Structure formats: C-alpha cells, structure tokens
Ligand SMILES: NC(=O)c1ccc[n+]([C@@H]2O[C@H](COP(=O)([O-])OP(=O)(O)OC[C@H]3O[C@@H](n4cnc5c(N)ncnc54)[C@H](O)[C@@H]3O)[C@@H](O)[C@H]2O)c1
C-alpha cells in the first residue's frame, strides 16, 4: 500500500452518514467511497436517499436507511439494521429561519435546536458510542459545525446557538470517549450552497442576494465553497492519519474566520 493509502485510506471502514441525502453529506459520502469505505446513508426520506445513491460512485458499497434522527428508538433500530460500523458522520442539520429576536418563537427555536444539536449530534453520538464501548470498537465521529459556531449568524438565533453547542460538544465528547479509543472531531463549513441556504445566498439568476454579497465580501477567497471541497477534510479527520487528533473543529471556509478589519 502507498503512504497515502496507509495514512488516509478508508478501506475496511464502514461509515453511517446522517442527512446523507443532503448536499454536504452527499459530497462527504463520495469522498469516503473514493477513499475505500462502505457507507450507509441515513435520512428522513427514502426517495431522497435513492436519488443521492444514483449519482454516487461505488454503489455496491452503499446502503440506505430511512430514519428520523430525532427519534431515539428509530435510531437504535436503524443501527441494529445497519450492523457494525466504525465511523459516524452527524450530518443532520440546517435552518432557513431568519427573524428579529423579538419575533422569534419558542417552539420554532426548540425545533431548530432539536434538529441541529439533539438529532444532529447528541442523540446518535450517545447511541453509537454506547455500542462501540460495548463491542470495543475504536470508532470515530465527525460533527458538522458552522461559522455560526464561532460568531452568531444574524437572525439565526437557534441555529447559531445549536452550532456553537455542537463545537462545544465535540470537545466534551472527545474528552469523555478518548479512553475508549473513540475520536470526535468536526468540520466547520463556511458558506456552501446547500438545499436550505441556496435561496438565502443566490437569486434564481445565479447572482448573489444581499446577504450572499455580504458573505462574499467577508470571504477572502471571494467565492462560495463547492461541497466537494469538504470531503478531503472529512476523510482526513476520519482516517488513521488523524489517529492522534481529537476534539478539534476544522474550518473549511475560504478564510471567512480570518476576516476582521
Ligand atoms: N450548506 C452550508 O453552507 C452549510 C454551512 C455550515 C454548516 N452546514 C451544515 O452541514 C450539514 C448539512 O447541510 P446541507 O446544506 O447539506 O443540508 P441539506 O438540507 O442539503 O441536507 C440535510 C439533510 O438532512 C435531512 N434531515 C434533516 N432532519 C432530519 C432528521 N431529523 N432525520 C433524518 N434526516 C434529516 C434532510 O432531509 C436533508 O436530506 C447541516 O448540519 C448544516 O447545518 C451547512
């Protein structure tokens, strides 16, 4: 095997990718497949997962699982059906709600926190970690943080709070699970055109919205990210080459976090 295969190859590994029908997690799935892993795409709608599988390579290494990640019993059953695996990508998340603080509704706030922090991090992590500890599997978890983890995104009250907590939990879970050989890291995407935020960032004719233009002005690379640019960072953090890396959140953001004055 070459140095790159030994250090960064994922042959022999099996990854569960939640929100696997989405833009970012579909790209991560493609990276994992090209690095040699098997992947189980988990998501709410089988039709969305089937559409994603159809455009991915190495389809013989892909399985699909319809499951609501906010439902604890459903997650346990899905894991039993999927069988042994050693990588979990917590990809469920998102929110297109933007509003003034004084108009924010408590039920909406709780729903977004539940999607991003509970379904998108805490609940699957707890269930997978318990299984890995029992079976003595040295698993690896990848969370998806956000630029909102560092500084709040205007009007995205619950999303920013939840993503800040995802970064915090990445460190907390890493420390708690390290004695079992389980690593926990995160990537923090800058601004990528996913299904949910596309409308916020670009107009139908492809030109940036007012918000999109402000993002671009704040991004030294001067463009939105291509989702395929997230996959190598995800592969690295889940590979043997990152065996001594745990508790970190890696920004993939075109320099967004470096921009001050
Ligand atoms: N797009 C961006 O620019 C960006 C930036 C930073 C972080 N992120 C994060 O990356 C992750 C993926 O984002 P994306 O833009 O690819 O989103 P997306 O909307 O394209 O994909 C999310 C997927 O998760 C599924 N899903 C949502 N709730 C679920 C649940 N409870 N159970 C099962 N499946 C569920 C949806 O059906 C969808 O297929 C999210 O955590 C998001 O917050 C995205």
Practice problem: Scan (1) loosely packed, with under 14 Cβ neighbours inside 10 Å; (2) away from the ligand (no atom under 16 Å from the Cβ); (3) in a loop (DSSP other than H, G, I, E, B); (4) in contact (Cβ under 8 Å) with a residue 12 or more places away in the chain for the single condition residue 175 breaks and write down its number. | Solution: (3)
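List the helices (runs of 4 or more DSSP H) that sit entirely inside region 50-167 and contain at least 3 residues that are surrounded by 15 or more Cβ atoms within 10 Å (Cβ to Cβ) and away from the ligand (no atom under 14 Å from the Cβ).
Values: elements: 72-82, 106-113, 123-135.
By residue number, 123-135.
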Practice problem: Scan (1) touching a helix residue (DSSP H, G or I) at 6+ places or on another chain (Cβ under 7 Å); (2) away from the ligand (no atom under 14 Å from the Cβ); (3) outside any helix (DSSP H, G or I) for the single condition residue 33 breaks and write down its number. | Solution: (3)
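Name the residues in region 204-216 that are in contact with a helix residue (DSSP H, G or I) (Cβ under 8 Å, 6 or more places away or on another chain) and either in a loop (DSSP other than H, G, I, E, B) or loosely packed, with under 15 Cβ neighbours inside 10 Å (or both), would you?
Of everything in region 204-216, just one residue is in contact with a helix residue (DSSP H, G or I) (Cβ under 8 Å, 6 or more places away or on another chain) and either in a loop (DSSP other than H, G, I, E, B) or loosely packed, with under 15 Cβ neighbours inside 10 Å (or both), namely 209.
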Quiz item: Just to be sure, is residue 36 surrounded by fewer than 13 Cβ atoms within 10 Å (Cβ to Cβ) and on the phi > 0 side of the Ramachandran plot?
Solution: no
Quiz item: Does any residue in region 130-155 that is at pLDDT below 95 come within less than 9 Å, Cβ to Cβ, of a residue that is part of a helix (DSSP H, G or I) and surrounded by fewer than 21 Cβ atoms within 10 Å (Cβ to Cβ) six or more places away or on a different chain, and which pairs are these?
Solution: 154/211; 155/101
Practice problem: State whether one or more residues within region 185-197 are at pLDDT 95 or above, touching a helix residue (DSSP H, G or I) at 6+ places or on another chain (Cβ under 8 Å) and more than 15 Å from the ligand (Cβ to nearest atom). | Solution: no
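Restricting attention to region 217-247, and to residues there that are under 14 Å from residue 193 (Cα atoms) and out of contact with any strand residue (DSSP E or B) (no Cβ under 7 Å at 6 or more places or on another chain), which single residue is surrounded by the most Cβ atoms within 10 Å (Cβ to Cβ)? Explain how you work it out, then say what you get.
First pass over region 217-247, keeping only residues under 14 Å from residue 193 (Cα atoms): 223-230.
Of the ones still in play, those that are also out of contact with any strand residue (DSSP E or B) (no Cβ under 7 Å at 6 or more places or on another chain) are 223, 226, 228.
Details: 223: 11, 226: 11, 228: 13.
Across region 217-247, the extreme among qualifying residues is 228.
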Quiz item: Which residue pairs have Cβ atoms closer than 6 Å, lie 6 or more positions apart in sequence or on different chains, and pair a first residue in region 81-109 that is under 30 Å from residue 139 (Cβ atoms) with a second residue that is within 16 Å of the ligand (Cβ to nearest atom) and in a loop (DSSP other than H, G, I, E, B)?
Solution: 91/19; 92/19; 92/69; 94/196
Quiz item: How many residues does region 223-261 contain that are assigned to a helix (DSSP H, G or I) and over 21 Å from residue 172 (Cβ atoms)?
Solution: 14
Exercise. Within region 6-26, identify whether any single residue is assigned to a helix (DSSP H, G or I) and surrounded by fewer than 16 Cβ atoms within 10 Å (Cβ to Cβ), and answer yes or no.
Key: yes
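The values are calculated or read from the model by the stated rules, or taken from the named source; none is laboratory data. Bear in mind the structure is a predicted one, so any value in this text is a computation, not a measurement. Glycine also receives a Cβ, built like all others from the backbone with ideal geometry; neighbour counts cover every protein chain displayed.
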